[in-house]
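Enquirer: What follows is a single structure, and I will ask about it in a moment.
Nothing in this text is a laboratory measurement; each read-out follows from the coordinates by a stated rule. Worth saying up front: this structure is predicted, and the values here are computed from it rather than measured. As a convention, Cβ positions derive from the backbone with ideal geometry for all residues, glycine included, and neighbour counts pool all protein chains shown.
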Amino acid sequence: MQKRYFIKTYGCQMNVYDSERMQDVLAAQAYLPAETMEEADVVILNTCHIREKAAEKVYSELGRIKRLKMQRQKAGKEFTVGVAGCVAQAEGEEVMRRAPVVDMVFGPQNFHRLPELLGNKQQRPVELDFVANDKFDTLPAPRNTGGRSAFVSVQEGCDKFCTFCVVPYTRGAEYSRPVKDIIEEVKQHLDHGVIEISLLGQNVNAYHGAAADGSEWSLAQLIEHLAEFDQIKRIRYTTSHPRDMHNDLYRVHGEIDKLMPYLHLPIQAGSDRVLHDMNRKHTAAEYIAMVEQLRSKRPDIAFSGDFIVGFPGETDEDFEATLRVVETVHYASAYSFKYSTRPGTPGATRSDQVPEEVKGERLARLQALLNKQQEQFNARMVGKTLPVLFEKAGKHANQWLGKSPYMQSVHVPAGRPLEGQMLDVHITQAGPNSLGGELV
Ligand code: 5AD
Ligand code: SF4
């Protein structure tokens, strides 16, 4: 009988991408996907370390898995448990110690070695080296998932060392993949019918990859090149740092229709003092100027962002500055978090931590404002015609779901399957989290 795997993914889109590529590796070894953990022979948790809560989830999940493994072993069946991703990278040895149920631990740069690790699980292997190109050189081609949208990692790691963030420690130094490798991966997706490419990187707009002619391409150059492929209809990129928003990126936003008018551009906080303490190396005014510049090039562009409330030393006044930025920018959607002290980061050692209740109050106020803006943004779509890339059947009969250029879920009634098609939809209704409409 063929073995089955189940991968549970936590955290960001980098992890979603990594899980996809792990599936490519396992598929090449003749593993099949399992619908649930209970049906799997190999379970992998692809973990996130960004906030304490995310990291804790892993241990509670491992508790559940322990019972599952005991049942399987009683039945005389093999059951392999792997912990991957950023918790593995940050505290892999501790995971092994704390959770005897775990058979192997490997980091974000090591999952290409899964076949070896699976063969060696009696030794409880721990693989946490950082050699990004090594991984990309050995990964099998992406398998055909039947989807029309694909992620392609172009840049990994981070050298920016924001004082709240563990990424530079869990994902290592900034690294840009060579142009040729990226194009090869994109073409493999195009062979499978993909029409939307999302370029991924922790600092994707810092991309500077080696091109065949010996020059270095920027992200803008890469986007311009991809736009020349007829089959590609939509291009996205995420996540960007304000510090790396360069002129050529502004230009391509104005020139390339296929580049979606939607940008995730986190500011984190609105007070210049807090931004300085966070080591973000830009001011709120500079950020707002970027937003304005992008809007002048592409009037229909919308923004999403990330926010942290309660960074050490943040006063009420500082927090008000964050609300002011939000009022000025008007976000289409956003993620916001209470500051979480992360081991090894400079923020964690500060003595002026903000009390939890204060963080909670600030987060509630911020989220109320962001939710209101998201609703307003969605409401503004009513009466417009938007191209929608349909992905799957909806909950109701004869209903299909897809994504607008702004990543909004759009549901449409139709008597025929729409999956995989990009069609114009006249938007007739808007809710807080989705839109409804009719095919044009
Ligand atoms: N506490 C809270 N939020 C954090 N983020 C990163 N580190 C922390 C932390 N220590 C948030 C930032 C980042 C997003 C991915 O997670 O907003 O942009
Ligand atoms: Fe973390 Fe800052 Fe790097 Fe983003 S830029 S991954 S927030 S250190």
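Enquirer: Give me the number: length gained by fully extending His246 to Arg124, i.e. 0.36 nm times residue separation minus the C-alpha to C-alpha distance, one decimal in nm.
Expert: Fully extending the segment from His246 to Arg124 adds 39.3 nm.
Enquirer: Pull out a ≥ b ≥ c, the square roots of the eigenvalues of the alpha-carbon gyration tensor of segment 5-57, then state rounded if a/c is under 1.5, prolate if not and a/b is larger than b/c, and oblate in the remaining case.
Expert: It is oblate, given that a/c is not under 1.5 and a/b is not larger than b/c.
Enquirer: Using label points projected 7 Å from each Cα along Cα→Cβ, tell me how many nm separate Lys53 and Val16, to one decimal.
Expert: Placing both labels 7 Å along Cα→Cβ, they lie 1.9 nm apart.
Enquirer: Continuing with this model, one more query. Can you give the convex hull volume of the alpha carbon atoms of segment 149-249 per residue, in Å³? Don't jump to the answer; show the numbers that get you there.
Expert: Details: hull volume 10.3 nm³, N = 101.
That works out to 102 Å³ per residue.
Enquirer: Between Arg365 and Ala30, what is 0.36 nm times their sequence separation minus the Cα-Cα distance? Round to one decimal in nm.
Expert: Working: separation 335, 0.36 × 335 = 120.60 nm, distance 5.03 nm.
Stretched fully, the Arg365-Ala30 segment lengthens by 115.6 nm.
Enquirer: Under 5 Å between amide H atoms, partner at least 5 residues away or on a different chain: which partners does Ile7 have, H built in plane at 1.01 Å?
Expert: For Ile7, the qualifying residues are Ile44.
Enquirer: Over the Cα atoms of segment 267-383, what radius of gyration and what Dmax do you get, in Å?
Expert: Both quantities, over Cα of segment 267-383: 15.0, 52 Å.
Enquirer: Right, next: Calculate the spin-label point distance for Arg324 paired with Lys372, positioning each point 7 Å from the Cα along the beta-carbon direction, and give it in nanometres.
Expert: 1.8 nm
Enquirer: What are the semi-axes of the equivalent ellipsoid for segment 260-322, taken as the square roots of 5 times the Cα gyration tensor eigenvalues, largest first, in whole Å?
Expert: 24, 11, 9
Enquirer: For q values of 0.25 Å⁻¹, compute log₁₀ I(q)/I(0) with the Debye formula on a Cα-only model of segment 350-435, without solvent.
Expert: Calculated log10 I(q)/I(0) at the listed q: -1.16.
Enquirer: While we're here: How many percent of DSSP beta bridges within the chain run antiparallel, rounded to 5?
Expert: Beta bridges within the chain, antiparallel portion: roughly 35 percent.
Enquirer: Here's something else I'd like to know. Glu39 to Asp134: extension gain in nm, 0.36 nm per residue of separation minus the Cα-Cα distance? It would help to have the intermediate numbers written out before the result.
Expert: Details: separation 95, 0.36 × 95 = 34.20 nm, distance 3.21 nm.
That works out to 31.0 nm of additional length.
Enquirer: State whether segment 42-118 is rounded, prolate or oblate according to the following rule on the C-alpha gyration tensor (a ≥ b ≥ c being the square roots of its eigenvalues): a/c under 1.5 gives rounded; otherwise a/b larger than b/c gives prolate, and the remaining case gives oblate.
Expert: It comes out oblate by the Cα gyration axes.
Enquirer: Among Val186, Leu199, Gln123, pick out the residue whose Cα is farthest towards the positive end of the charge dipole of segment 120-224, where Lys and Arg carry +1 and Asp and Glu carry -1 on C-beta, about the Cα centre.
Expert: Gln123
Enquirer: Let me ask something else about it. For segment 120-259, what is the percent of antiparallel DSSP beta bridges, rounded to the nearest 5?
Expert: Approximately 30 percent, going by the DSSP bridge assignments.
Enquirer: Let me ask something else about it. Quote the charge dipole size of the chain about the Cα centre in Debye, to the nearest 20; the model charges only the Cβ of Lys and Arg (+1) and of Asp and Glu (-1).
Expert: Magnitude of the dipole: close to 1300 debye.
Enquirer: Moving to a separate point now. Averaging the inverse of every distinct alpha carbon separation and then flipping it gives the Kirkwood radius. What is it for the chain, in angstrom units? Can you show the working numbers first?
Expert: Working: mean 1/r = 0.0430 Å⁻¹.
The answer is 23.2 Å.
Enquirer: Counting other C-beta atoms within 10 Å, which of Tyr335, Tyr169, Tyr5, Tyr262 has the fewest, and how do the rest follow?
Expert: Starting with the residue having the fewest Cβ neighbours, the order is Tyr335, Tyr169, Tyr262, Tyr5.
Enquirer: Moving on to the next point. Please rank Glu91, Glu39, Glu255, fewest neighbouring Cβ atoms within 10 Å first, as an exposure proxy.
Expert: Glu39, Glu255, Glu91
Enquirer: Using helices alone, what [θ] at 222 nm do you get for the chain, with -39,500 (n - 2.57) per DSSP H run of 4 or more residues, divided over all residues and rounded to the nearest 500?
Expert: Roughly -11500 deg cm²/dmol at 222 nm, from the helical runs in the chain.
Enquirer: Here is a further query. What's the local net charge at His192, with K and R +1, D and E -1, over the other residues with C-beta under 14 Å away?
Expert: Every neighbour counted, the sum reads -3.
Enquirer: Averaged over all directions, how much area does the convex hull of the C-alpha atoms of segment 159-310 cover when projected, in nm²?
Expert: 9.6 nm²
Enquirer: Please report, in debye to the nearest 20, how large the charge dipole of segment 253-376 is about its Cα centre when each Lys and Arg carries +1 at its beta carbon and each Asp and Glu carries -1 there.
Expert: My answer is approximately 340 debye.
Enquirer: Under 17 Å between alpha carbons, and skipping anything fewer than 8 positions from Lys403 in its own chain: which lysines qualify?
Expert: Once the sequence-local lysines are set aside, what remains near Lys403 is Lys233, Lys258, Lys384, Lys392, Lys395.
Enquirer: Okay, moving on. Mind checking which of Val425, His411, Gly63 is farthest towards the positive end of the chain's charge dipole, using Cβ charges of +1 (Lys, Arg) and -1 (Asp, Glu) about the Cα centre?
Expert: So the residue we want is Gly63.
Enquirer: Short version: ³J(HN,Hα) in whole Hz for each residue of segment 169-182, in order, from phi by Karplus 6.51 cos²θ - 1.76 cosθ + 1.60 (θ = phi - 60°), x for Gly and Pro, what are they?
Expert: Residue by residue, segment 169-182 yields 8, 8, 10, x, 6, 4, 9, 10, 6, x, 3, 4, 5, 5 Hz.
Enquirer: Looking only at segment 21-59, which residues have a backbone nitrogen under 15 Å from a spot 7 Å from the Cα of Glu94 in the C-beta direction?
Expert: 48-59
Enquirer: Also, quick follow-up: With no other cysteine's Cβ closer than 4.7 Å, which Cys residues of the chain count as lacking a disulfide-compatible partner?
Expert: Those would be Cys12, Cys48, Cys86, Cys158, since no other cysteine Cβ in the chain comes under 4.7 Å of theirs.
Enquirer: Now, a different point. Gap in Å between the Cα centre of segment 384-440 and the Cα centre of segment 124-174?
Expert: 32 Å
Enquirer: So if I take the centroid of the Cα atoms in segment 344-381 and the same for segment 1-51, what is the distance between those two points in Å?
Expert: 32 Å
Enquirer: Here is a follow-up. Among the trypsin sites (Lys or Arg not before Pro) within segment 335-440, which fall in a DSSP loop and have no more than 15 other Cβ atoms within 10 Å of their own Cβ?
Expert: Arg350, Arg380, Lys384, Lys395
Enquirer: Using a 10 Å cut-off around each Cβ, can you sort Ile44, Ile427 from fewest to most neighbouring Cβ atoms?
Expert: Ile427, Ile44
Enquirer: With unit charges on the beta carbons (Lys and Arg positive, Asp and Glu negative) and the dipole taken about the Cα centre of segment 268-404, which residue among Ser296, Met381, Thr345 sits farthest to the positive side?
Expert: Met381
Enquirer: Let me ask something additional. Considering the chain as a Gaussian network with a 10 Å cut-off on Cα pairs, which listed residue, Ser176, Ser351, Ser304, attains the greatest mean-square fluctuation?
Expert: Largest GNM mean-square fluctuation: Ser351.
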